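These notes are about the structure you will find just below.
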Amino acid sequence: MSETSASPGRRPVVTPTRVVAALCLIAPFVGMLWVGSYGKVEPTFIGIPFFYWYQMLWVPISAVLTSVAYVLVRRERRERKGGDSA
């Protein structure tokens, strides 16, 4: 937050890394809010209707995508500061 508030006239920089991180964070919302894509019973998976296992599948997918976004943003901040500290 200190990067954006350092100079009031400067706008935040949009980089490809930040765009990819944003897409990783937005994907679970789109996948879950578009109910028409998964609001059905078939195909079933080990007896569980599609509606339920589709939602449960998004739990690990969301965790992985959030981790990817975190690593990308952390790496970009480290490169911006020019330091090699972890």
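Among residues of segment 36-56 that are surrounded by 10 or more Cβ atoms within 10 Å (Cβ to Cβ), none has a Cβ under 7 angstrom from a residue that is of a type in the set (Lys, Arg) and not in a loop (DSSP other than H, G, I, E, B) at a sequence gap of 6+ or on a separate chain. Scan segment 26-35 residue by residue and report those that are open to solvent by 70 Å² or more (accessible area, probe 1.4 Å) and in a helix (DSSP H, G or I). Scanning segment 26-35 gives 26, 29, 30, 33, 35.
Determine if segment 10-17 includes at least one residue that is open to solvent by less than 70 Å² (accessible area, probe 1.4 Å), in contact with a Leu (Cβ under 8 Å, 6 or more places away or on another chain) and either assigned to a loop (DSSP other than H, G, I, E, B) or at pLDDT below 90 (or both). Yes: segment 10-17 contains one or more residues that are open to solvent by less than 70 Å² (accessible area, probe 1.4 Å), in contact with a Leu (Cβ under 8 Å, 6 or more places away or on another chain) and either assigned to a loop (DSSP other than H, G, I, E, B) or at pLDDT below 90 (or both). Just one residue in the set 20, 68, 73 is open to solvent by less than 80 Å² (accessible area, probe 1.4 Å), in a helix (DSSP H, G or I) and in contact with a Lys or Arg (Cβ under 8 Å, 6 or more places away or on another chain); that residue is 73. Please verify whether residue 4 is at pLDDT 90 or above and of a type outside the set (Gly, Ala, Ser), treating the condition exactly as stated. Against the criterion (at pLDDT 90 or above and of a type outside the set (Gly, Ala, Ser)), residue 4 does not qualify.
The values are calculated or read from the model by the stated rules, or taken from the named source; none is laboratory data. In this text, all values refer to a predicted model and were calculated from it rather than measured experimentally. Cβ: placed from backbone, ideal geometry, glycine included. Neighbour counts: every protein chain shown. Only protein heavy atoms, including side chains, enter the accessible area calculation; ligands, DNA and RNA are left aside. Shrake-Rupley method; radii C 1.70, N 1.55, O 1.52, S 1.80 Å.
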